[in-house]
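Take a look at the structure below.
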Amino acid sequence: MRAVVQRVSEAAVTVAGEQVGAIDGPGLCVLVGVTHQDTPQQAAQLARKLWTLRIFDGADVEQSCSDLGAPLLVISQFTLYGDARKGRRPTWNAAAPGPVAEPLVDEVVAQLRALGATVETGRFGADMKVSLVNDGPFTVLVEV
């Protein structure tokens, strides 16, 4: 699994003009991509990593979502496994198909909620519009 994690002061996702998820920060906007070999165990590992990733400024030490009770906006993004090394068109061969990917993205969300996180989501497979204010800017790639 692969995630692009952005520290945000706010983020929202809309589908067909309807806001389906939003957070007020500090928090994280997380784009999650799934490949063919990913497992529910990796989804749980990613959730733990996201919840405890120390990327927020604290008084003396960096803090995590778990330290601050910061919310997360989790959005599925199959294009994270796009490959544009050859030619000018990316291929999506490494991205898991919807029936494989959707339950794993749902598992990341479920595991985060089980850890105590406030989680908003996009809508799997929909044409989503994501807006955010990147705090920093701060963006990191996480793979498990």
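The numbers here are math on the coordinates, done by the rules we state, and not lab data. Everything quoted here is computed from the prediction, not taken from an experiment. Here the Cβ positions follow ideal geometry from the backbone for every residue, glycine too, while neighbour counts run over all protein chains shown.
Checked against (1) farther than 19 Å from Phe138 by Cα; (2) over 14 Å from the mean Cα position of the chain (by Cα); (3) crowded, with 16+ Cβ neighbours inside 10 Å, Gly25 meets all criteria but (1).
So that you can scan it fast, the table gives a plain yes or no per residue for (1) more than 13 Å from Met1 (Cα to Cα); (2) in a helix (DSSP H, G or I):
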site	(1), (2)
Asp38	no, no
Ala43	no, yes
Lys49	no, yes
Arg54	yes, no
Gly58	yes, no
Asp67	yes, yes
Ala70	yes, no
Val74	yes, no
Thr79	no, yes
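The single condition among (1) in contact (Cβ under 8 Å) with a residue 12 or more places away in the chain; (2) surrounded by 15 or more Cβ atoms within 10 Å (Cβ to Cβ); (3) in contact with a Phe, Trp or Tyr (Cβ under 9 Å, 6 or more places away or on another chain) that Gln63 does not satisfy is (1). Considering the stretch 107-144, and only residues there that are among the charged types (D, E, K, R) and touching a residue at least 12 places away in the same chain (Cβ under 8 Å), the residue that is nearest to Ala44 (Cα to Cα) turns out to be Glu107. Scanning the stretch 87-105 for residues that are assigned to a loop (DSSP other than H, G, I, E, B) and surrounded by 15 or more Cβ atoms within 10 Å (Cβ to Cβ) yields Ala94, Ala96.
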